[in-house]
Amino acid sequence: MHGWWIGPAVLEPERKPPKARCGGPGKCVLCGDTIKWPMPHPEGFPISKCNFCDGVIIWALTIPNPNARTAAKRHEQEKIPFDAVPDDHGVHALTPQQGKPPLCGAMTKVKAMAFRSAGQKTYIRHVKTCPNVVRWPKGKYIVAAREKRS
């Protein structure tokens, strides 16, 4: 039943995905039934699709900055897309919240390595892996910055 599960096959849960009448996951080609999206994530994070590459992503909120100058900035949070599959090169940890998107916290590479060795999962921002990043609203600037670094 691989293909619906996001993550390693060994961690695939016993609970099977919702099925169409004909038995296939997703939208059935035979009977036309649509299946409820999003499919479950192993950590319970709500997932969605990238508008530009149809990759599976997790939207996470940044942690508010208590040291910001104004009260409005202290409570400001930004939504950032992450790849749904944990990555060995990721430097962000996602913390689940009840009824809200997860919180993301950035780490240094050394801390992320220690975090992974302790059995935790790290994630990478989708902007680093999206093949169609040029089509993003600020995509040409992202690509130019990447080329400048290398």
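The listed peptides 76-89, 127-140, ordered by packing as a protection proxy, come out as 76-89, 127-140 (highest mean of other Cβ atoms within 10 Å first). Going toward the positive end of the dipole of segment 50-150, with +1 on Lys and Arg Cβ and -1 on Asp and Glu Cβ, which of C104, I57, H75 do you reach last? Farthest along the dipole direction, towards plus: H75. Here is the list for segment 43-76: trypsin sites (Lys or Arg not before Pro) lying in DSSP coil, each with at most 14 other C-beta atoms within 10 angstrom of its C-beta, are R69.
Based on the Kirkwood approach, the hydrodynamic radius assigned to segment 94-150 is 13.8 Å, with every pair of different Cα atoms included.
Only the coordinates and a few stated rules stand behind these numbers; no lab work does. What you are looking at is a predicted structure, and each value in this text was computed from that prediction instead of being measured. Glycine also receives a Cβ, built like all others from the backbone with ideal geometry; neighbour counts cover every protein chain displayed.
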